[in-house]
1. Please work out if G148 is within 19 Å of the chain's Cα centre (by Cα) and either more than 15 Å from V227 (Cβ to Cβ) or among the hydrophobic types (A, V, I, L, M, F, W, C) (or both).
2. Collect the residues in the stretch 297-319 that are free of Cβ contacts under 8 Å to residues at least 40 places away in the same chain and either open to solvent by less than 30 Å² (accessible area, probe 1.4 Å) or part of a strand (DSSP E or B) (or both), keeping them in residue-number order.
3. Could you check K35 against (1) open to solvent by 10 Å² or more (accessible area, probe 1.4 Å); (2) in contact (Cβ under 8 Å) with a residue 40 or more places away in the chain; (3) under 18 Å from L311 (Cβ atoms) and say which number it fails?
4. Among the residues of the stretch 38-89 satisfying the criterion of being of a type in the set (K, R) and open to solvent by 50 Å² or more (accessible area, probe 1.4 Å), which is farthest from the chain's Cα centre (by Cα)?
5. So which of L130, L119 is modelled with pLDDT of 95 or more, farther than 17 Å from E61 by Cβ and either touching a Lys or Arg at 6+ places or on another chain (Cβ under 7 Å) or open to solvent by 10 Å² or more (accessible area, probe 1.4 Å) (or both)?
6. Please go through (1) of a type outside the set (S, T, N, Q); (2) exposed (fewer than 14 other Cβ atoms within 10 Å of the Cβ); (3) more than 21 Å from the chain's Cα centre (by Cα) for L30 and return the number of the only condition it doesn't satisfy.
Amino acid sequence: MTNLTLALDAMGGDHGPHVTVPAALRALQLHSFLKIILVGDKTEIDVYLRQAEANLLSRIEIIHTDEVVSMSDRPVHALRTRKNSSMRLAIELVRDDRAQACVSAGNTGALMAMAKVLLKTLPGVDRPALVSCLPAVTQKPVYLLDLGANISCDSETLFQFAVMGSVLCEAVDKKSRPKVALLNVGIEEIKGNDQVQQAAQLLQHTDQINYTGFIEGDEIYSGNVDVIVCDGFVGNITLKTTEGIAKLLVHQLKRGLTQGLFVRFLAKLIAPRIQAVLSQMNPDHYNGASLIGLRGIVVKSHGNADETAYLQAISLAVTEAQRRLPEMIKDRLESILLDINH
């Protein structure tokens, strides 16, 4: 594998270098071909590099800046005034081809605004989309987009999301012709608003996308489809609800296994299996949302991600960079538009 360089917004998120730097070191241990540029306050970053092995330090570069995009910054304000922020400088490294991907746990709106302005969208893409995967009963991830980057979408945008989601699934999971569905209030053809109805018409006439029809909310986690498309308003609520239910189930399971002496005894016997189940239910297991449709790769981590969760986001960025995801999306869109025009 040829060398791959990632740019990390080391200051982004709730924990900053306390999480991002140890996660970066673990990523370097996992991927011998990887180099990482840490963008942020060098004094704070160095604290977490003191005990690092020399061979890992040799693959780390630090770009110092003491300016940070806060979680309360409005996107437009951040874009205009945070020109030396760790987030912006990390994205600029991708724009300038010094890094193949960027990872940030910072302000989602600011990340979206900066990435769109600095990297630009691919030909044929009106808006980038935020996409992540959800657990399913089949133990295969289900990709959901958009997760909040675009609150309202027209039918053409939903169509573009379907194409991009399909290509992402192919690239990351190496799945041929993934099944794509539109999230709707019913599976019947007459259901849904005008945007969803018109997007369905576009997808039905596109042989290159394996469109299977509408899907309802109770089927999201069934694993019957691979990619689910909706606007950002619906997607963000769905994602947050999923995270809330997962936390509730983990809490209830833990509480149930500590009530009664016999139950506690059984819990100790099956502790490894219980831990595996809890891990699968933990939203951090699926951390890392891709901002796709751009001319470069940007991965958004949860703001409150711990070290393990942030490592998941880094690993996703590595995979997308290895597969050259933007080029794949660009080629597929060009092919589909050519078919439509003929």
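The values are calculated or read from the model by the stated rules, or taken from the named source; none is laboratory data. In this text the structure is predicted, and so the values were computed from the model without any measurement. Backbone-built Cβ (ideal geometry, glycine too); neighbour counts: all protein chains shown. To get the accessible areas, we keep the full protein, side chains included, count just its heavy atoms, and leave off ligands, DNA and RNA. Shrake-Rupley method; radii C 1.70, N 1.55, O 1.52, S 1.80 Å.
1. Details: within 19 Å of the chain's Cα centre (by Cα): yes; either more than 15 Å from V227 (Cβ to Cβ) or among the hydrophobic types (A, V, I, L, M, F, W, C) (or both): yes.
So G148 passes the test.
2. Correct list: A309 only.
3. (2)
4. Going residue by residue through the stretch 38-89, those that are of a type in the set (K, R) are 42, 50, 59, 74, 80, 82-83, 88.
Okay, now just the ones that are also open to solvent by 50 Å² or more (accessible area, probe 1.4 Å), so 42, 50, 74, 80, 82-83.
On the way: K42: 27, R50: 30, R74: 21, R80: 25, R82: 23, K83: 24 Å.
The extreme case among them is R50.
5. L119
6. (3)
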